[in-house]
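Here the structure comes first, spelled out in structure tokens, and everything after it is commentary.
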There are 2 protein chains.
Amino acid sequence: MKIAILGFGTVGSGVYEILKKNGDLIGRRANEEISIKYIVELRDFSSHPDAALFTNNYNTVLDDKEVSVVVEMIGGVNVAYNFTKSAILAGKNVVTSNKALVAAHGAELFALAKENGVHYLYEASVGGGIPIIRPIGNCLAANRIKRVMGILNGTTNYILTKMIEEGRSFDKALSEAQQKGYAEADPSADIEGHDTCRKIAILSSLIFGKNVDYTRISTEGINTIEPEDVEYAQALDCSIKLIGMARIGEDKVFARVSPMLISNDNPLAGVSDVYNAVMLTGDSVGDVMFYGSGAGKLPTASAVVSDIIDLARGIPEASRLEWAAGDGSYVTPMAETKTTVLLRSSVEIEDATCVDIGLEDEKGYIICNISEGELASLVKRTTGIKKFIRM
Amino acid sequence: MKIAILGFGTVGSGVYEILKKNGDLIGRRANEEISIKYIVELRDFSSHPDAALFTNNYNTVLDDKEVSVVVEMIGGVNVAYNFTKSAILAGKNVVTSNKALVAAHGAELFALAKENGVHYLYEASVGGGIPIIRPIGNCLAANRIKRVMGILNGTTNYILTKMIEEGRSFDKALSEAQQKGYAEADPSADIEGHDTCRKIAILSSLIFGKNVDYTRISTEGINTIEPEDVEYAQALDCSIKLIGMARIGEDKVFARVSPMLISNDNPLAGVSDVYNAVMLTGDSVGDVMFYGSGAGKLPTASAVVSDIIDLARGIPEASRLEWAAGDGSYVTPMAETKTTVLLRSSVEIEDATCVDIGLEDEKGYIICNISEGELASLVKRTTGIKKFIRM
């Protein structure tokens with residue numbers, strides 16, 4: 001099987017490295033030798049040991065009938081979308097780690113792939129090296145999955161871990177993450193929750209079978225979390241985590257990205273540093289959790305190569321990991337959903353919409369069951385409310 | 001697709017229940033209706049709503065060409081082995097949760113299944129509902145897996161959790177587990193580690209590709225764990241867990257079942273109650289962990305049904321989840337392996353074979369790096385050693 005790698009950045013070069021290092025083993029497991037015929041890159045790699053593989057002309061790949069798999073490692077939506085489409089139209093399978101593209105155009109690209117008798121595979125787009133897309137599609141197929149929640153971004157989990165375990169401020173933890181290479185110079189996609197939003201859109205679309213429009217998912221990041229929030233969490237035997245979650249109601253999906261207080265009894269609370277984890281609740285299996293490195297060169301490349309091996313082995317038609325198109329109305333408007341929230345307040349909260357369900361002490365916090373719409377209105381009209389975090 | 005269930009005990013009736021409850025969904029996902037044609041049982045089910053499905057004659061199943069899948073839920077080795085063999089020879093796929101049979105005769109039954117153009121599937125034999133066999137075979141196929149370690153028995157993990165969290169003695173925790181139905185009247189297979197031994201044999205055979213003879217796996221249970229051990233563990237920021245583990249050396253496998261001190265930083269330490277978890281270390285993906293209900297009617301049945309769905313979808317020839325036969329010499333003799341161990345002693349330990357690597361305090365414990373052979377000899381000739389636990 002001949003493949004072409006589009007984009008020789010971190011993950012692209014990781015795919016190259018794994019196929020070099022474990023080529024024999026992978027060939028045996030795939031029942032076929034897998035070799036890289038082209039690496040498409042605009043940058044100069046003329047001194048690379050495999051310089052002959054490099055080309056800057058994507059059409060060479062499209063025109064080469066021998067190439068059956070295109071590994072799209074470009075990232076972003078526009079160019080990657082056009083390159084993916086033209087590969088599929090040329091009868092080539094596409095493997096990607098591109099969460100932005102899968103979240104934005106997944107349903108369309110799956111349909112196009114099916115029409116053209118090929119596959120569009122995306123195991124690496126969520127949870128880096130953690131097997132999650134295929135287990136949802138295959139291993140848990142006997143279940144109605146009711147809920148998914150996950151720690152889906154390593155950068156924010158590293159920052160929160162430093163705040164929890166070492167009492168760092170958000171800014172200090174962020175700059176440490178940047179020094180270690182865990183956060184980018186412009187960290188907004190991570191810390192504002194946009195990366196998690198794309199990933200929970202992909203997971204929930206696959207689980208519930210219809211496109212969950214990521215632009216409709218209410219998304220908050222961790223940039224407002226203060227050391228004091230961490231103290232409140234500890235007092236309640238909880239940890240603050242940035243959680244992407246989705247659950248299915250009668251015929252609509254509820255999905256949200258926000259910091260949450262996770263009970264330390266919940267295995268998600270123990271997921272620290274740059275690790276990721278996804279917890280699924282099925283009607284038969286109960287809770288299952290998948291844990292591992294959510295990013296990084298080799299873990300993510302490991303997931304890409306597992307998709308390539310799957311293509312070599314052959315994928316039964318009924319095992320397509322896909323979802324149908326859907327419009328924005330599939331996502332429940334945030335205001336209508338019920339939530340449990342911890343409110344920190346300097347004033348006494350007396351409000352019919354806010355039902356005290358227990359804890360209240362001299363520190364001035366209250367835990368409420370409230371609808372998101374009423375919560376927004378309560379926070380707006382009560383000047384003493386300092387902060388709320390969902391539970 | 002017509003199936004027959006052999007044995008209508010806990011898991012067998014769970015398979016029936018899931019196929020009733022989620023039949024539509026499963027039919028869509030399998031791309032084919034899956035229906036139960038026979039349930040083979042010696043006991044009387046004449047007042048069961050589906051009494052017509054029951055038969056006590058297994059030959060009816062073997063002779064019925066319409067039945068393509070036999071779900072072996074008998075347990076144990078002898079009868080199950082003969083029934084499985086005759087099903088495969090009659091050209092039927094077999095799905096099982098029978099860890100004893102897979103550990104004892106897996107390699108032989110996989111070869112027989114291949115010869116007869118059918119499959120012998122066993123996702124439910126390890127970790128109950130946790131997807132683990134298929135992720136090892138497919139999702140992690142790009143990796144050389146170097147090590148597997150897991151909490152594979154819910155009964156013992158429940159007992160240890162009670163000892164750790166509530167300070168119970170072993171006997172008290174065991175009787176509580178029996179009252180709750182988590183432990184059997186004769187709990188020896190669980191608490192002496194034999195159940196975990198079969199499961200780590202299956203996992204390591206699959207991972208390393210050759211039969212790991214379970215009779216060669218050094219196996220200790222938790223029946224000697226005292227509350228004092230739990231205190232030592234806590235002082236070292238560790239939790240005591242019954243761990244099945246295996247790793248590959250040059251050309252041999254090392255495998256062991258024993259209580260271990262697991263650092264509370266390790267996600268395995270947080271796995272409590274009847275939950276199970278398996279952690280794998282791959283050369284590219286690093287550590288990944290799979291967590292969930294390791295036993296129970298519906299979780300285990302969920303794994304059985306996922307195998308049935310896979311059969312309906314079709315399994316590519318290169319995706320067989322199997323291993324080759326091997327003799328006992330594939331397992332490294334225990335005495336030759338190095339281990340790290342905490343020794344509790346009332347006398348000072350001065351021994352060339354025991355290298356103090358740090359901690360030692362008034363409580364009288366020492367942590368050593370030592371070979372298993374030297375450890376056994378040290379314990380034998382030093383009367384003051386009260387207990388050792390591996391780390």
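Determine if the range A:349-361 includes at least one residue that is crowded, with 17+ Cβ neighbours inside 10 Å and at pLDDT 65 or above. Checking the range A:349-361: at least one residue is crowded, with 17+ Cβ neighbours inside 10 Å and at pLDDT 65 or above. For A:Asp273, the conditions (1) in contact (Cβ under 8 Å) with a residue 60 or more places away in the chain; (2) assigned to a loop (DSSP other than H, G, I, E, B); (3) open to solvent by 20 Å² or more (accessible area, probe 1.4 Å); (4) at negative phi all hold with the exception of (4). Quick one: would you say B:Gly127 is among the small types (Gly, Ala, Ser) and out of contact with any strand residue (DSSP E or B) (no Cβ under 7 Å at 6 or more places or on another chain)? No: the conditions fail for B:Gly127. Scanning the range A:300-327 for residues that are among the β-branched types (Val, Ile, Thr) and at the interface with chain B (Cβ under 7 Å from one of its Cβ atoms) returns A:Val305, A:Ile309.
Does at least one position in the range A:279-300 carry a residue that is open to solvent by 40 Å² or more (accessible area, probe 1.4 Å), of a type in the set (A, V, I, L, M, F, W, C) and part of a loop (DSSP other than H, G, I, E, B)? Scanning the range A:279-300 turns up at least one residue that is open to solvent by 40 Å² or more (accessible area, probe 1.4 Å), of a type in the set (A, V, I, L, M, F, W, C) and part of a loop (DSSP other than H, G, I, E, B).
When residues in the range A:149-187 are screened for being crowded, with 19+ Cβ neighbours inside 10 Å and within 14 Å of chain B (Cβ to nearest Cβ), 7 of them pass. Restricting B:Arg43, B:Arg29 to those that are closer than 18 Å to A:Ala318 by Cβ and either among the charged types (D, E, K, R) or within 14 Å of chain A (Cβ to nearest Cβ) (or both) reduces the list to B:Arg29.
A single entry from A:Ile3, A:Ile74 fulfils the requirement of being open to solvent by 30 Å² or more (accessible area, probe 1.4 Å) and β-branched (Val, Ile, Thr): A:Ile74. Among the residues of the range A:107-148, those that are within 13 Å of chain B (Cβ to nearest Cβ) and without any contact (Cβ under 8 Å) to a residue 24 or more places away in the chain comprise A:Cys139, A:Ala141.
A single entry from A:Asn264, A:Asn211 fulfils the requirement of being on the phi < 0 side of the Ramachandran plot and either in contact with a Lys or Arg (Cβ under 8 Å, 6 or more places away or on another chain) or surrounded by 18 or more Cβ atoms within 10 Å (Cβ to Cβ) (or both): A:Asn211. Evaluated against (1) in a helix (DSSP H, G or I); (2) more than 14 Å from chain A (Cβ to nearest Cβ); (3) open to solvent by 10 Å² or more (accessible area, probe 1.4 Å), B:Ala233 falls short on exactly one condition, (3). Just one of the listed residues (B:Lys210, B:Lys180, B:Lys199) is in contact (Cβ under 8 Å) with a residue 60 or more places away in the chain and over 13 Å from the mean Cα position of the chain (by Cα), namely B:Lys210.
The residues of the range A:313-334 that are touching a residue at least 12 places away in the same chain (Cβ under 8 Å), among the aliphatic types (A, V, I, L, M) and surrounded by fewer than 23 Cβ atoms within 10 Å (Cβ to Cβ), listed by number, are A:Ile315, A:Leu321, A:Ala324, A:Ala325, A:Met334. Listed conditions (1) without any contact (Cβ under 8 Å) to a residue 12 or more places away in the chain; (2) within 14 Å of another protein chain (Cβ to nearest Cβ) are all met by B:Val285, apart from (1).
The values are calculated or read from the model by the stated rules, or taken from the named source; none is laboratory data. Just so you know, these numbers come straight off a predicted model, no measurement behind them. With ideal geometry, Cβ positions are generated from the backbone for all residues, glycine too; neighbour counts draw on all protein chains shown. Calculation scope for accessible area: heavy atoms of the full protein, side chains included, ligands and nucleic acids excluded. Shrake-Rupley method; radii C 1.70, N 1.55, O 1.52, S 1.80 Å.
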